[in-house]
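The values are calculated or read from the model by the stated rules, or taken from the named source; none is laboratory data. These numbers were taken from a predicted model, which means no experiment stands behind them. We place every Cβ from the backbone using ideal geometry, glycine too, and count neighbours over all the protein chains shown.
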Amino acid sequence: MEATSSPPIAARAQLLAEAGYFAPDSDEGVPSPCIAVCRMSADQSHCEGCFRTIPEIRAWAGADSAERLGIWSRLAQRAGFAFPPTATTQPAQP
């Protein structure tokens with residue numbers, strides 16, 4: 001049996017979480033989930049790269065931070081990963 005790997009969008013979310021973009025106290029804008037793999041799924045329900053729906057893609061430019069975080073949350077659910085991802089901690093250096 002093959003192990004299923006996480007979609008690339010999950011790796012992007014993890015990197016952004018580790019950089020603090022999803023932290024409640026972040027002053028940074030919520031980054032786009034686009035990973036430049038822009039094609040619709042076979043059933044046309046969402047983008048295969050970023051897992052957003054067409055209405056979410058259209059809404060992104062005018063969305064505020066709360067709406068963008070909501071889009072991230074919904075696409076994470078579709079992609080099958082927890083949102084926001086927990087930032088991994090690096091072991092302390094001696």
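Okay, here's what the table says:
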| read-out | value |
| --- | --- |
| Residue, farthest from Ser6 (Cα to Cα), within segment 64-81, restricted to residues that are in a loop (DSSP other than H, G, I, E, B) and out of contact with any helix residue (DSSP H, G or I) (no Cβ under 7 Å at 6 or more places or on another chain) | Asp64 |
| Residue that is surrounded by the fewest Cβ atoms within 10 Å (Cβ to Cβ) [pool: residues in segment 1-58 that are closer than 15 Å to Arg78 by Cα and among the acidic types (Asp, Glu)] | Asp43 |
| Residues located in segment 48-63, provided they are in contact (Cβ under 8 Å) with a residue 24 or more places away in the chain and in a loop (DSSP other than H, G, I, E, B) | Gly49, Cys50, Phe51 |
| Residues (of a type in the set (S, T, N, Q) and either closer than 16 Å to Phe81 by Cβ or touching a Cys at 6+ places or on another chain (Cβ under 7 Å) (or both)) located in segment 1-51 | Thr4, Ser5, Ser6, Gln14 |
| Which listed residue is small (Gly, Ala, Ser), modelled with pLDDT of 95 or more and in contact with an Asp or Glu (Cβ under 6 Å, 6 or more places away or on another chain), from Ser45, Ser41 | Ser41 |
